[in-house]
Amino acid sequence: MMNRSMKSSIPELLGTLGSSIFSFFLAWEMIRRYCPRQVLDFLGKFFNKVSNFFNPNIQISIYEFLGNNLKPHDAYPIVEAYLSVNSSKTAKKLKAEKVKDSNKLVLSMDEYEKITDEFQGIQVKWVSTKVRSSQRPMPMGIFSSFEPEKRYYKLVFHKKNRDFVFGSYLEHVMKKGTEISQKNRQRKLFTNSHHKSWSYIVFEHPANFDTFAMDPEKKEAIVEDLLTFSKSKDFYARIGKAWKRGYLLYGPPGTGKSTMIAAMANLLDYDIYDLELTSVRDNTDLRRLLSETSGKSIIVIEDIDCSLDLTGQRKKKEEKKEIEKGKREESGSKVTLSGLLNFIDGLWSACGGERIIVFTTNYVEKLDPALTRRGRMDKHIELSYCCFEAFKVLAKNYLLIEEHPLFESIRLLMEVTKITPADVAENLMPKSPKEDAEKCLQNLIQALEETKKKEEMKELEKKLDEVKTEEKMKDTEETAKEKEETIEEEKQEELKKDV
């Protein structure tokens, strides 16, 4: 009897409760519309204080934008990247977003989703939510107005873990989130050609050190040097130097200088800034451009021996002025050697960190020693003609072979012949489906033999020129001797006449 009575009263209770809730929200809506703003603010602060008094948790909000000026918050994408890994494992509601300038999809928490994260045995909660742009988040959104919304992440944890979260945990989130962001981002190739500022395209060069044709020991040393640099932030801070490193790549055309730069960027996951000096108006613009480059980047000046008046040895003042004037009139640029050096090694070199500066040249002897000294160009790398070990890398890349009976003939020819990796690669590339590995190797042997003949002809011509020069000198000496003898005879004849 009692149970039936209770069951019959449940719908009535639910109806009464629903009516009360409806009346509550209706009352708040009336208050929100007609109550003065100052009173609303006071009530909001009062309810928050009461809630905070009984609530043992602390809350940290990380907004997508700062204030109402829509300036992006630097920490928001880092937290989002960190949570993208954890939320994909535990969250039930996820959203997929495409990385800018990339085909990658990144999963993250959907709005109003919650997850629990654990670090060193301490649990915290993350909530993905949003709020009206001009209002602070309040319980149940009772004070929100119809204005644009902005997203934010809310970190909730017990107040007894305050020191741990403010210290170790947030450092962990920022570190891991930054690593994930760098991994997900699409790298860029920047240029300043015909522009006053940088423009870029997506960098998708496939070069890497595994496929780079070079002596294995030399290549391994370069890779170790690059990786050591990328992990040496604390070391550079301890010794008091800007976190940068200079590389000078020099050698004949076709030896792989540009390919090595691409391999360096792929190894370290760095952006590339291809600086065209002839497009820079003066030293002020140069400083502005270089200060706009980001960390984790390679700043490249290719063929620096052809860039303005930055390469010659120190000349006499008047002669140097004339050359500078001619080059400035031709290019329209007033960038000087001292202006470039001030950024590479002066006070401006410290504006930003984790940068690699690369100069390339075909004629290293033309460069001013001030430009190439250690401390500016820390590592000098000669990219020379193709050796047999480098050929084997190319043969594996192009023909998918590691051994072949023709390799020995190629090795012997390479020991006495100079050929660039670019020329070797061109001969190894099949020109039609009918060309197999053996045919391509024969093409290379033929090219090596032709190059050897040309070198022998040049050497023979050089020796002939030397012989001709020696004969001319000998003839000149004999002629001079004959003239001396003739003059002496004439003198003797004059003396006889006088007597």
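Over 28 Å between Cα atoms: which of 366/453; 183/257; 257/392; 130/175 fall into that group? Result: 366/453 exceed 28 Å. Per-residue surface analysis assigns residue 35 an accessible area of about 40 Å², computed on protein heavy atoms at 1.4 Å probe radius.
Kindly identify the stretch 196-279 as rounded, prolate or oblate by the Cα gyration tensor criterion: order the square roots of the eigenvalues as a ≥ b ≥ c, call it rounded if a/c is under 1.5, otherwise compare a/b with b/c, prolate if a/b is larger, else oblate. Verdict is oblate for the stretch 196-279.
Karplus-derived 3J(HN,Hα) values for the stretch 285-301, using 6.51 cos²θ - 1.76 cosθ + 1.60 with θ = phi - 60°, are 5, 5, 4, 5, 4, 5, 6, 7, 6, 8, x, 6, 9, 10, 9, 10, 10 Hz; glycine and proline are entered as x. In the complete set of protein chains, residue-level accessible area for residue 271 is approximately 10 Å², probe 1.4 angstrom. Counting heavy atoms of the protein chains alone, residue 460 has an accessible area of about 90 Å² for a 1.4 Å probe.
Can you compute the charge dipole magnitude of the stretch 395-451 about its Cα centre, using +1 on each Lys and Arg Cβ and -1 on each Asp and Glu Cβ, nothing else charged? Give it in debye, rounded to the nearest 20.
Charge dipole, the stretch 395-451, about its Cα centre: 140 debye, nearest 20.
A simple rule links phi to the HN-Hα coupling: the Karplus curve 6.51 cos²θ - 1.76 cosθ + 1.60 with θ = phi - 60°, which for the stretch 242-250 gives 5, 7, 8, 8, x, 10, 9, 9, 9 Hz, with x for Gly and Pro.
For the stretch 152-217, the square roots of the Cα gyration tensor eigenvalues, ordered a ≥ b ≥ c, give a/c of at least 1.5 with a/b no greater than b/c, which places it in the oblate category. Only the Cβ atoms of Lys and Arg (+1) and of Asp and Glu (-1) were treated as charged; on that basis the dipole of the stretch 410-480 about its Cα centre amounts to roughly 360 debye.
The values are calculated or read from the model by the stated rules, or taken from the named source; none is laboratory data. In this text the structure is predicted, and so the values were computed from the model without any measurement. Cβ coordinates were reconstructed from backbone atoms using ideal geometry, including for glycine residues, and neighbour counts include every protein chain displayed. Note: accessible area is taken over every heavy atom of the protein model, side chains too, but ligands, DNA and RNA are not part of it. Shrake-Rupley method; radii C 1.70, N 1.55, O 1.52, S 1.80 Å.
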